[in-house]
Each structure stands twice: as C-alpha cells, then as structure tokens.
Amino acid sequence: MDQLPPPSELVLRQALETSGQRYTEQRAAVFRYLRSTDSHPTADEVFLHVREEVPGISLATVYKGLETLVGCGLATKLAYGDGSARYDGRTDEHHHLRCVACGRVSDLPGRADDREVARLAASADRFRVTGYRLELTGYCADCRPAVPSSGS
C-alpha cells in the first residue's frame, strides 16, 4: 500500500509545479527546516542545519532553494539595508521584532490596528499602498543595555 506524502510536501510540490520549478530533495530539506523553526535564519544558518539531513548540499544550493521558495510564495525574505537577509517560513500576515545589536528576529505577537494602518495609508499622498510589513527595532533581552537605577 502506497503511503501519502505529508501535507507540507504536497504544498511544496504544488507550489513548485505552479511556478514551473522542479521538486528536489534539497529544496524539500530547506523547506522542512524553514517550516520547523521560528528563528528567522540566515542562509548560512539554514545551510548548517540542512547539511545534517543532506550532507552533500552546498551553500549555493541552499541560497537557490531559499530564493525558489520565496518566488513560490512559501517563504519570505527579510532583507535589510546592510545587505543581510533572513528567511521566514511563515507566510501569513504577521510582524517582527529585530534586535539592532545581534540581528535576531522574532515574531511580534498580535496584529496591527487595521484602522491605524488605513489612516497611515490614506496620508500617503499620491502613493497607492498595496501592502505593508511592520518591524519594530530595539534590543532583545540578551542585548538590552542595563538601565542605570535612578535612586543613587
């Protein structure tokens, strides 16, 4: 009796096929890792984890796999002005917290107020808003500078 592939693999196969891409075990391993973590890894971090499952995989193959997943809508690339990027396996609407010291990115619980977003969009003169991403920047618990006490 044939065993059905897991639902996530079916999603991957369908998205790749729709985008004219081939299913490969390397892409599947990258996809499985992204879906398994909420750490918003860099390509190097994905490579380190995926090569445990696929020892012969190259960093270039991981980069290409990540870009393919982004192109298929199965991942999001969080690109920054300094050229760095992190990848997110969650594609639903959600927002992020980014530490300016260590670069760690985490999901922000909750949602932005739709009325406030609409107000901001309406104030964008001669600009048609089609979407938005919210990222709050600051310091994570590990990097937050100590606040001097005021009772000295």
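So for each of 81-93, 57-69, 133-145 I average, over its residues, the number of other beta carbons within 10 Å; can you give me the resulting order with the highest mean first? If you can, show how the numbers build up before the last one.
Working: 81-93: 13.4, 57-69: 18.6, 133-145: 10.8.
Listed from highest to lowest mean packing, they are 57-69, 81-93, 133-145.
Placing +1 on each Lys and Arg Cβ and -1 on each Asp and Glu Cβ, with no other charges, gives the chain a dipole about its Cα centre of roughly 340 debye.
Extending 7 Å from Cα along the Cβ direction at Glu52 and again at Ser8 yields two label points whose distance is 1.4 nm. The angle between the Cα long axis of helix 25-36 and the main principal axis of the chain comes to about 30°, on a 0 to 90 degree scale. The stretch between Glu93 and Ser36 holds 18.7 nm of extra length on full extension. This uses 0.36 nm per residue minus the Cα-Cα distance. Per residue of the chain, the DSSP helices (runs of n ≥ 4 H) give a summed -39500 (n - 2.57) that works out to -11500 deg cm²/dmol at 222 nm.
Under 5 Å from the amide H of His95 lie the amide H atoms of Leu108, each residue being 5 or more positions distant or on a separate chain, with H modelled from the backbone and absent for Pro and chain starts. Using only Cα atoms, find the angle between the long axis of helix 59-71 and the longest principal axis of the chain, and express it within 0 to 90 degrees, rounded to the nearest 10. Roughly 80 degrees between the two axes. Site pair Tyr63 and Leu134 shows an inter-label distance of 3.4 nm when each label is modelled 7 Å from Cα along Cα→Cβ. State, as an integer percentage, the relative contact order of the chain based on alpha-carbon contacts under 8 Å between residues 6 or more apart. After rounding, I find 19 percent. Taking every alpha-carbon pair under 8 Å whose residues sit at least 6 apart, the range 68-152 reaches a relative contact order of 25 percent. Based on protein heavy atoms only, the chain ends up with 69 Å² per residue of surface accessible to a 1.4 Å probe.
Largest first and in whole Å, the equivalent-ellipsoid semi-axes of the range 1-136 read 30, 19, 14, each the square root of five times a Cα gyration tensor eigenvalue. Beta bridges from DSSP with both residues in the range 40-152: antiparallel share about 65 percent, rounded to the nearest 5. Between the Cα long axis of helix 43-53 and the first principal axis of the chain there is an angle of about 40°, rounded to the nearest 10.
Quick check: net charge around Ala28, other residues with Cβ under 15 Å of its Cβ, Lys/Arg +1 and Asp/Glu -1?
Working: positive: Arg13, Arg22, Arg27, Arg32, Arg35, Arg51, Lys64; negative: Glu9, Glu17, Glu25, Glu52, Glu53.
So the environment of Ala28 carries a net charge of +2.
Probe radius 1.4 Å, ligands and nucleic acids ignored: give me the carbon and sulfur share of the accessible area of the chain as a rounded percent. The nonpolar share, carbon plus sulfur, comes to 51 percent.
Alpha carbon centre of the range 43-67 versus the range 24-38: separation in Å? With the range 43-67 and the range 24-38 each reduced to a Cα centre, they are spaced 9 Å. Per residue, the average separation of C-alpha pairs within less than 8 Å and at least 6 apart gives the range 68-117 a relative contact order of 23 percent.
The calculated FRET efficiency for Glu17 paired with Ala85, based on their beta-carbon distance and R0 = 22 Å, is about 0.30.
The values are calculated or read from the model by the stated rules, or taken from the named source; none is laboratory data. Owing to the predicted nature of the structure, the values given are computational and were not obtained by experimental measurement. Please note: Cβ atoms are built from the backbone with ideal geometry, for glycine as well, and neighbour counts cover all protein chains shown. All accessible areas refer to the heavy atoms of the entire protein, side chains included, with ligands and DNA or RNA removed. Shrake-Rupley method; radii C 1.70, N 1.55, O 1.52, S 1.80 Å.
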